Every structure is written in C-alpha cells, then in structure tokens.
1. If I histogram all Cα-Cα distances within the range 92-172 using bins 10 Å wide from 0, what percent of pairs lands in each bin?
2. Which trypsin sites (Lys or Arg not before Pro) from the range 61-147 combine a DSSP loop assignment with at most 16 other Cβ atoms within 10 Å?
3. Out of the total accessible area of the range 20-115 (probe 1.4 Å, heavy atoms of protein only), what percent is carbon and sulfur?
4. Suppose each label sits 7 Å from its Cα in the direction of the beta carbon; what would the Thr184-Asp146 distance come out to in nanometres?
5. From the mean inverse distance of alpha carbon pairs (Kirkwood) and the Cα radius of gyration, derive Rg over Rh for the range 108-148.
6. What net charge do the residues around Leu145 carry, taking every other residue with its C-beta under 14 Å from that of Leu145, with Lys and Arg at +1 and Asp and Glu at -1?
7. In nm, what is the difference between 0.36 nm times the number of residues separating Glu104 and Glu166 and their Cα-Cα distance?
8. Any lysines with Cα under 24 Å of the Lys111 Cα? List them, leaving off those in the same chain fewer than 8 positions away.
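The values are calculated or read from the model by the stated rules, or taken from the named source; none is laboratory data. In this text, all values refer to a predicted model and were calculated from it rather than measured experimentally. Heads up, the Cβs are rebuilt from the backbone with ideal geometry, glycines too, and the neighbour counts pull from every protein chain shown. SASA here: full protein model, heavy atoms, side chains in, ligands and nucleic acids out. Shrake-Rupley method; radii C 1.70, N 1.55, O 1.52, S 1.80 Å.
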Amino acid sequence: MARSKSSSRWLQEHFDDPYVLQAQKEGWRSRAIFKLKELNEKDQLLKPGMLVLDLGAAPGGWSQYTAQHISPGGEVLALDILPVEPYAGVTFLQGDFTDDAVFEQLLTLIKNRPVDLVMSDMAPNFSGNKAVDIPRAMYLVELTLDLADRVLKPGGNVLMKVFQGEGYELLLAQMRQQYTKVVTRKPQASRARSSEIYLLGQKKR
C-alpha cells in the first residue's frame, strides 16, 4: 500500500527534525522533552521531592525528564493508553484516561497524597476534521482540569497541551477562576504548523 503524501512528508520532516536528532543523540525517549525542558527553564515547574502526574506519557520522554529533575524523593505517576518502558522514579499505569475505571485506578495510585504538578501532553487521534477533533481534544483538557481540581495541593500547577478553537475562551475563563495566574506557552520545539499551545495554571487557589 502506497504511503499518502502527508505521511511521507511527516516521515521526511521527522527524520530531518533537529529535535529528533538531538533526542536520539542525548538518549531521550522523544523530541517532546525539549518542549518540557523549555517550559521548565522558563517557569521552574520541577523541584526535588515533588509528586507529578504525567498524562499521555508514551513514549515516556516527559516522565524521563521529570524523574531526573524531581529526585531525590520525587515520584512521577504516568498514564497512557500505550505501553511505556519502565524508568526509575516512574510508576506507570496503562489505560484510557477517558475510562472511569482507569480514572479511579489513578486516584488509588495517588492515595490522597498532595500532587504538586499535573501535566498533560495528551491529544486525540486527529481525523483532520476540526469540527470533530477540537471537541475531542477539549474533552481531554476538561478531564485533566477536573483531575487537577481534585488532586492538586493548594499552590500546585497544571500544564496542558491545548488546541485553539471552540471552547478555548471558556476554558481560559474557568482556569483564571481556579488558578492565581494562567499563561500560554508555545515552545520552540512545537512544530510551527501545529495549532498546539500549552496552558499553564499556576498556584491553584
């Protein structure tokens, strides 16, 4: 079966991507760590001893980077529908975040401990139809905010990948009620053609 032009373009872009090459050279699991690295350097998200939730963790780059920056004494609880290779300092749960039973399993893992940071790099499988894709992406963001509302300690932070579109302004308004400061970030490692941005809610009220 012949590859579509778009998938061939993606493959070419992927293998020419300086962040992909740098990740391979430095032993990171994905190019996505450079997004988190930039965000962490700008906003000082990670400190030793933290409990961090990593949603949409596969292949594990964010968890890998986080575990290194919250040791000693820190722990990452990571979740993804896809399997993730084990890594020191990371407890991994495989399952669908939209599944209520998986959501409850995650709460059980947390064991009522105060969480310092909830971060999500989740995105749905895009169909190319914005009328379908944006609501699906927004649903994941809403579930993440709901979880953060339940488990974050006062003063904790939430970091989420979002796609601008219908519901975005409403989301911003909601976050501004729940967090002392809300900022948008577009890391350099985000592909220019992608509409993704990251929303950071700082200091949960």
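1. Percent of Cα pairs in each bin: 17, 47, 29, 7.
2. On the way: sites: Lys111, Lys130, Arg136; in loops: Lys111.
Answer by residue number: Lys111.
3. Values: 2440 of 4630 Å².
Of the solvent-accessible surface of the range 20-115, carbon and sulfur hold 53 percent.
4. In this crude spin-label approximation the distance works out to 2.5 nm.
5. Working: Rg = 13.3 Å, Rh = 11.9 Å.
Rg/Rh: 1.12.
6. +2
7. My answer for the length gained is 19.4 nm.
8. Lys47, Lys153, Lys203, Lys204
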